[in-house]
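Q: Next up is a structure, given as structure tokens.
The values are calculated or read from the model by the stated rules, or taken from the named source; none is laboratory data. As the structure is a prediction and not an experimental result, all values here were calculated from the model. Ideal geometry is used to build each Cβ from the backbone, glycine not excepted, and the neighbour counts take in all protein chains shown. Please note that ligands, DNA and RNA were not included when accessible areas were found on the heavy atoms of the full protein model with its side chains. Shrake-Rupley method; radii C 1.70, N 1.55, O 1.52, S 1.80 Å.
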Amino acid sequence: QVQLVESGGGLVQAGGSLSISCAASGSFFSINTMGWYRQAPGKQRELVATISSGGSTNYLDSVKGRFTVSRDNAKNTVWLQMNSLRPEDTAVYYCQANIRTRNWSGSSSYWGQGTQVTVSS
């Protein structure tokens with residue numbers, strides 16, 4: 001059983017910083033891309049940032065230069081460092097990972113439970 005467990009999040013003032021992390025646990029062969037999505041009330045879930053197993057990154061335009069995604073492959077963990085936070089960054093942030101549970105299988109998508117990030121103005 002593969003699980004993604006998130007930690008961090010909370011309440012911060014505009015202009016502040018926050019870091020959230022996500023660790024994969026359970027039995028699996030490898031983790032490919034890991035990333036973060038967010039969903040604000042009344043809005044669709046959107047991609048925030050992704051990072052490949054080799055370290056290539058991709059960001060939502062509105063967070064470029066403010067957010068940094070990183071990972072530790074040995075610890076099966078991905079982080080999202082969020083700086084210069086804005087009220088519009090308020091959302092539930094979800095960790096996502098493409099994981100191969102067996103060496104002969106393709107990747108499946110797994111999701112964390114979500115963590116709330118609230119930025120006050």
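Q: Ordered by residue, what ³J(HN,Hα) values in Hz, to whole numbers, does segment 50-67 give under the Karplus form 6.51 cos²θ - 1.76 cosθ + 1.60, where θ = phi - 60° and Gly and Pro are x?
A: Rounded to whole hertz, the list is 9, 9, 7, 5, x, x, 6, 10, 8, 10, 5, 3, 6, 10, 4, x, 10, 9.
Q: Tell me which trypsin sites (Lys or Arg not before Pro) from segment 75-112 have a DSSP coil assignment and no more than 15 other beta carbons within 10 Å of their own.
A: Within segment 75-112, the qualifying trypsin sites (Lys or Arg not before Pro) (loop, at most 15 other Cβ atoms within 10 Å) are K75, R102.
Q: For the chain, the longest stretch holding no chymotrypsin sites (Phe, Trp or Tyr not before Pro) located in a DSSP loop with at most 13 other Cβ atoms within 10 Å is which?
A: Answer - 30-103.
Q: Also, I was wondering about something else. Would you mind estimating how fast segment 81-121 diffuses translationally, via Stokes-Einstein at 25 °C and 0.890 mPa s with the Kirkwood radius over Cα pairs, in µm²/s?
A: Value of D from the Cα-based Kirkwood radius: 197 µm²/s.
Q: Heavy atoms only, probe 1.4 Å: what % of the accessible area of the chain goes to carbon and sulfur, would you let me know?
A: So the carbon and sulfur contribution to the accessible surface is 45 percent.
Q: Find the eigenvalues of the gyration tensor of the Cα atoms of segment 17-61, then list the square roots of 5 times those eigenvalues as equivalent ellipsoid semi-axes, largest first, in whole angstrom.
A: They are 22, 14, 11 Å, listed largest first.
Q: Something else about it: Output needed: percent of Cα pairs per 10 Å distance bin for segment 29-88, bins running from 0 to the one holding the longest distance.
A: 21, 51, 24, 4
Q: Which value results for Rg/Rh of the chain when Rg is the Cα radius of gyration and Rh the Kirkwood radius based on the inverse mean 1/r?
A: We get a ratio of 0.98 for the chain.
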